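First up is the structure itself, then whatever we jot down about it.
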């Protein structure tokens, strides 16, 4: 029996679930790398298993997203605008979604990566995933940001991480151009439907990197005064 | 007059029992708000918190509780005006204790965040204004008490905002947080010792028979603060940075240093709470004791008997030991978001405000002051999420408490009048 404590004032901070969410997003992107590697080696059973893990991680991310939203009612007073936090969560959540879409498309169509583009394709995927990794690692610094009560020093460190992210996204863009060029040169040897979907997959992978970059920029806006 | 001499001991014993029960209630319930912050932030273990609370609540109540007690006893109603009917004052004070006690019990059952201070002040003003006449209430004093209820959370919020901002600039927003924390935290410990000691020396010790000049107090407080800072420095120097702990490790190392600071602020919080809240229990008792012992004369000038404060102080400690630990445990377990680097700023600001109010003989709500202090840290962007609805609930229960305490004490007043005449 006790009178209501004023400490009910302290609601659950969104930081911890957000870190976890970003970590899962990063892991999901990593798993996409495993998936593509298995596929390009024509190891179908490993690819299917990897695809299952991607779906599982995407589910976990969705659950966490819902939990974060559920714990951020309008009555909360937060150190940053609530809409900004929710938007960041939404953007981070697009990373596993995109990984799921890519792996889904490739599994569903039982896609094979043509020998002629295999090297540059793998390089492109690796770079896009690296960008997503960097984005999730930047979000994982949110606890430093909250810990230092949004101080300028932490914002600087985060700025450096996001600049790195920009550079990675740029590299991924360059790699995409190479893949598209190589695909163009071999496309006459493939069936038209295969080609259409290969372009589709390349586009989606490029979007993974783009969305990762958006995460970084949203994060910087959140931290900026 | 005859009533006082006829039923003197009955009234006196009732006063003691009710006052002691009230203090017991404060110990079992209100102390949790003062100590829960430290336990929740893991700066103190539960046992540690109980020990700190026992010692410093007692010290605060006994050493610095006199001023506010006098306000409750004779500041709200002028006893001189009741020279012909002193028994009304006795009934009223007993009614107020009973009313506040019952209201707090009801609040406990429903889990409302109700303030002890507001209950007792509402009860006293209520019975006086309705049962003996509103001209007996010193409205000027009541006005200043009421405004202090608004000012104290604001003041605590401003102080905690400033303290936390300084921590952010000096320590948190630096690459070498740990080293800077070790360097600056003894300074904050000095501040804790200095403020508490200064106010107590200037205002509190009168009834114990010790009086210092301002300069002497200043020197003593500075010496006390410096002594605490040295002790704190020693404790901090024993905390070593864990090598290769990663970023998570760095965070917890830093909070360990702040936890040392928070032990000191927890002591000051307990002291401040004791100094202000003991009056809620023993203020009315003091009034009763005074009239009964003098055989019916109101004698507003007479000193506050020391044993009255002792009754209150022991009541608080007993309540704390019997039930308080459980409430502290519950309250503490529910806070995971208030780390020592935040909690200390809130506690230091609240303790300072409460001790200053105790020195200025104003009965304020420790809990509301803490609410203001926590919001101050929040405004400095120090807290992940604050549920503003709780503030609304607290304000609402404040507004409801005044008429509730008043109506109950009016009811009991007429009951006593019916029994004793």
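Taken together, the values in this text are just the output of simple stated rules run on the coordinates, not laboratory data. Small disclaimer: the values here were computed from a predicted structure and weren't measured. Because the Cβ atoms are built from the backbone with ideal geometry, glycine has one as well, and the counts that use them run over all protein chains shown.
Need one number for the protein assembly as shown: average projected area of the convex hull over its C-alpha atoms, nm².
Hull-based average projected area comes out at 31.8 nm².
What FRET efficiency do you get for residue A:167 and residue B:330 if R0 is 41 Å and r is their Cβ-Cβ distance, rounded to the nearest 0.05?
Efficiency at R0 = 41 Å is approximately 0.20.
Arranged from highest to lowest average of other beta-carbon atoms within 10 Å per residue, in what order do the peptides A:137-144, B:366-373, B:224-231 appear?
B:366-373, A:137-144, B:224-231
When only Cα pairs under 8 Å and 6 or more residues apart are kept, what is the percent relative contact order across segment B:340-402?
After rounding, I find 33 percent.
Taking each residue of B:387-393 in turn, how many C-beta atoms of other protein chains fall within 10 Å of its C-beta, and what is the average?
6
How big is D for chain A, in µm² s⁻¹ as a whole number, if Stokes-Einstein is applied with the Kirkwood radius of its Cα pairs at 10 °C and 1.306 mPa s?
85
Of the peptides A:9-20, A:160-171, A:38-49, B:104-115, how do they stack up when ordered by the mean number of other Cβ atoms within 10 Å, highest first?
Packing proxy ranking, top to bottom: A:9-20, B:104-115, A:160-171, A:38-49.
Can you give the calculated 222 nm mean residue ellipticity of the protein assembly as shown, where each DSSP H run of n ≥ 4 adds -39,500 (n - 2.57) and the sum is split over every residue, rounded to the nearest 500 deg cm²/dmol?
-26500 deg cm²/dmol
Order these peptides, B:119-125, A:181-187, by their mean beta-carbon neighbour count within 10 angstrom, highest first.
Descending packing order for the listed peptides: B:119-125, A:181-187.
Give me a single rounded figure for B:361-368: the average over its residues of other chain Cβ atoms within 10 Å of their Cβ.
Per-residue shielding by partner chains comes out at 1.
As a footprinting exposure proxy, order B:78, A:93 by other Cβ within 10 Å, with the fewest listed first.
Least crowded to most crowded, the residues run B:78, A:93.
Would you kindly calculate the translational diffusion coefficient of chain B, applying Stokes-Einstein with the Kirkwood radius from alpha carbon pairs, for 10 °C and a viscosity of 1.306 mPa s, and quote it in µm² s⁻¹ without decimals?
D, rounded to a whole number, is 73 µm²/s.
What is segment B:69-164's relative contact order, in percent, from Cα pairs under 8 angstrom and six or more apart in sequence?
Computed value for segment B:69-164: 33 percent relative contact order.
Across bins of 5 angstrom width beginning at 0, how are the C-alpha pair distances of segment B:317-421 distributed, in whole percent?
Using 5 Å bins, I get a P(r) of 2, 9, 13, 15, 19, 17, 10, 6, 4, 3, 2, 1 for segment B:317-421.
Principal axes first, then extents: for the Cα atoms of segment B:221-289, list largest minus smallest coordinate on each axis, whole Å, largest first.
64, 29, 13
Helix A:152-186 versus the longest principal axis of chain A: what angle, 0 to 90°, nearest 10, using Cα atoms?
With both axes taken from Cα atoms, the answer is about 20 degrees.
Taking segment B:229-361, how much of its Cα-Cα pair set, in percent, is spaced more than 22 angstrom apart?
Value for segment B:229-361 (Cα pairs over 22 Å): 56 percent.
So what is the relative contact order of chain B, in percent, for Cα pairs below 8 Å that sit 6 or more residues apart?
Averaging sequence separation for qualifying contacts and normalising by length gives 41 percent for chain B.
How far is it, in nm, from the label point at residue A:56 to the one at residue A:42 when both lie 7 Å from their Cα along the line to the Cβ?
Calculated label separation equals 2.8 nm.
For chain B, find the longest principal axis of its Cα atoms and tell me its angle to the long axis of helix B:86-110, 0 to 90°, nearest 10.
Roughly 40 degrees between the two axes.
Simple spin-label model, 7 Å along Cα-to-Cβ: residue A:123 to residue B:45 in nm?
6.1
Contour minus end-to-end for residue B:222 and residue B:166, with contour as 0.36 nm per residue of separation and end-to-end as the Cα-Cα distance?
18.1 nm
Where in segment A:131-157 is the amide nitrogen less than 20 Å from a point lying 7 Å along the Cα-to-Cβ axis of residue B:252?
Of the residues in segment A:131-157, A:140-148 have backbone N under 20 Å from the label point off residue B:252.
Write down the radius of gyration of segment B:292-361 and its Dmax, each obtained from C-alpha positions, in Å.
Rg and Dmax of segment B:292-361, Cα atoms, are 18.5, 55 Å.
Taking every residue in A:140-146, how many Cβ atoms of other protein chains lie within 10 Å of its Cβ, on average?
Mean partner-chain Cβ count within 10 Å for A:140-146: 2.
Any idea what diffusion coefficient segment B:64-195 gets from Stokes-Einstein, in µm²/s, Kirkwood Rh on alpha carbon pairs, 10 °C, 1.306 mPa s?
It diffuses with D of about 87 µm²/s by this estimate.
To test your reading of the geometry: what angle, between 0 and 90 degrees and rounded to tens, separates the Cα axis of helix A:115-139 from the longest principal axis of chain A?
The answer is roughly 0 degrees.
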